[in-house]
Amino acid sequence: PADVTALTVQWTAPTYTVTLNTNGGTINSGNVTGYTYGVGATLPTADDMTYTGHTFKGWYDNESLTGSPVMAIGGTETGNKEYWAKWEINQYTITFDTAGGSTVASITQDYGTAITAPADPTREGYTFIGWDKAIPTTMPAENMIITAKWKVNQYTITFDSNGGSEIAPITQDYGTVIAAPANPTREGYTFIGWDKAIPSTMP
C-alpha cells in the first residue's frame, strides 16, 4: 500500500472434548463435555452425581483408577480429556427389634450382597408369627429396623380332685391373673390342699 497500515492479530482459543465415564453412576448436574483453553472446567462433584448404594470418590484420568483424583481441568491444559468415576460401595445395617424376645444379632453388609435370614427369636409364653416387614434377600440402600410380631399362648390348668367334686379346668392367656377355684368336696374327707400351689398368673 502507499501508506503504513496497522494490522491487529485475531486469536480464537481452541476448545477440546471431555469424555466422562460414570462407571454405573448418573450425572444429575454439572456435566462437562468440553473445555476452552484459558478457561478450563470444573468436573461434576459428589453432589452432582448419584449411584444407588455407592459413594462417589472422584474422577481419575485412567481406567484403573490409580493415582490422585482430578477435580478440575486447568486453564493452561490442552488436548481432549477422558476421566473415569470411582465409587465406593456403602454398607448398611438391618437391626432386629425382638419386642421382648431373645436377641437377634444385627446384620451389617455391603449394598446388594445376599442376606442370610437369622433364626426366629423365642419368647416365653408367646409364639413368633413373623416380622413386621419382610427380611430382604439382598442388602438395600438404607438402614432398616425390623420388629418381631408375637401371639400370646394359652395354657390350661387341670384339677384332679382325686375322687372329690369336679373342678373345671382353667384355660387362659400366658401371664394373665388366675382366680383360684373353690375347694372341692368329698364325702367323709376334709380337703387339705393341692399337691402344688395354684399360680397367681398363668405360667
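The values are calculated or read from the model by the stated rules, or taken from the named source; none is laboratory data. Since the model is a prediction, treat every value here as computed from it, not as a measurement. Because the Cβ atoms are built from the backbone with ideal geometry, glycine has one as well, and the counts that use them run over all protein chains shown. In case anyone asks, the SASA skips ligands and DNA or RNA and just uses the protein heavy atoms, side chains included. Shrake-Rupley method; radii C 1.70, N 1.55, O 1.52, S 1.80 Å.
Couple of notes before you dig in:
- Other residues lying with their Cβ under 15 Å from the Cβ of VAL70 contribute a combined charge of -2, Lys and Arg counting +1, Asp and Glu -1.
- For the chain, the share of DSSP beta bridges that are antiparallel, to the nearest 5, is 80%.
- Segment 78-117 and segment 1-69: distance between their alpha carbon centers, rounded to Å: 32
- For segment 171-203, chymotrypsin sites (Phe, Trp or Tyr not before Pro) are listed when DSSP marks them as loop and at most 12 other Cβ atoms sit within 10 Å of their Cβ; the list is TYR189.
- Relative to the compact-globule estimate of 2.2 N^0.38 Å, the Cα radius of gyration of segment 107-191 comes out at 2.01.
- Put simply, when 89-99, 38-48 are sorted by average Cβ atoms within 10 angstrom per residue, most first, you get 89-99, 38-48.
- For segment 1-137, the per residue solvent-accessible surface stands at 62 Å², with DNA, RNA and ligands left out and a 1.4 Å probe.
- Tally of Lys pairs whose C-alpha atoms are under 20 Å apart, taken over the chain, 8 or more apart or cross-chain: 4
- Of the GluC sites (Glu not before Pro) found in segment 50-86, the ones in coil according to DSSP and having at most 14 other Cβ atoms within 10 Å of their Cβ are GLU63, GLU77.
- The convex hull around the C-alpha trace of the chain, projected and averaged over every direction, spans 20.1 square nanometres.
- As a fraction of the 1.4 Å probe accessible area of the chain, surface on carbon and sulfur atoms comes out at 50 percent.
- Residue among SER68, SER106, SER161 with the largest mean-square fluctuation in a Gaussian network model of the chain, springs linking Cα atoms under 10 Å: SER161
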